[in-house]
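Encoded as structure tokens, the structure appears first; notes follow it.
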Amino acid sequence: MSDNPLTGEVSNSKLAAVFDSAAAARDAASALLSEAGLQPQQVKVISPDEPDANIKLEPEGKGIWRTILVAHVKLGILGAILGAIAFGIMMWAGLPFVTRSPVAAGLATIFFATIGGLLLGGLVSIRPDHDRYVHATHEAMEARRTTVVVHALSRDEQQRAKDLLAGRGGEVTATL
């Protein structure tokens, strides 16, 4: 399982390493399995004519929906809690606009903090860090180069794979 508590995906840490030749990419992929301790389902080779490149890049369709749900629920609740704390601090400080109408001030503070949490949940859900990773692979395909894609289960696995692939001459692009 992933080491990121805000998502529902198994692999949040992904990377793409672009190689000039298919042989170099296959050798690097084999090295990942033998030297970095990754499983075969975590390592994919994407050739320039790959028909299912997008599925190999983002294979967790159901995980993405879980990410959307988990991120929104957890960050929405966190926003509500922070809003309640902010309201409590404002009441404790005796701010006139809060003490004169505590119900309205409390509801407004909690409401807007919850909306802020939900917006952050949306940001986590769209995974903007994946754009560079996906674009690097598609650009490599257009340039007739081969990409090794790694779906790491942790930051540690991602770093081991990144070091190995860079050491073998791959141009590595990783997600956050």
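The values are calculated or read from the model by the stated rules, or taken from the named source; none is laboratory data. Here the structure is a predicted model, which is why all the values come from computation and not from measurement. Cβ atoms come from the backbone with ideal geometry, glycine included; neighbour counts cover every protein chain shown. Remember, those area values only see protein heavy atoms, side chains included, never the ligands or the DNA or RNA. Shrake-Rupley method; radii C 1.70, N 1.55, O 1.52, S 1.80 Å.
Roughly speaking, what % of Cα-Cα pairs in segment 109-167 are separated by over 17 Å, rounded to a whole number?
More than 17 Å apart: 61 percent of the Cα pairs in segment 109-167.
Could you list log10 I(q)/I(0) for segment 35-176 at q = 0.17, 0.18 Å⁻¹, which the Debye formula gives when each Cα is one point scatterer?
Here log10 of I(q) over I(0) equals -0.94, -1.01.
Once you have the Cα-Cα distance between E171 and L107, take 0.36 nm times their residue separation minus that, and quote the gain in nm to one decimal. Before the final figure, lay out the partial values.
Working: separation 64, 0.36 × 64 = 23.04 nm, distance 5.09 nm.
Fully extending the segment from E171 to L107 adds 17.9 nm.
With r as the distance between the Cβ atoms of I81 and D163 and R0 = 35 Å, compute the FRET efficiency 1/(1 + (r/R0)^6) and round to 0.05.
For D163 and I81, the calculated efficiency is 0.35.
So what's the convex hull volume per residue for the Cα atoms of segment 15-98, in Å³?
Dividing the Cα hull volume of segment 15-98 by its residues yields 183 Å³.
Probe 1.4 Å, all protein chains in place: accessible area of E139 in Å², nearest 10?
Roll a 1.4 Å probe over it and E139 shows about 120 Å².
Can you give the calculated 222 nm mean residue ellipticity of the chain, where each DSSP H run of n ≥ 4 adds -39,500 (n - 2.57) and the sum is split over every residue, rounded to the nearest 500 deg cm²/dmol?
Value at 222 nm, helices only: -20000 deg cm²/dmol.
Given the Cα-Cα distance of L33 and I126 and 0.36 nm per residue of separation, how much length would full extension add, in nm?
30.5 nm
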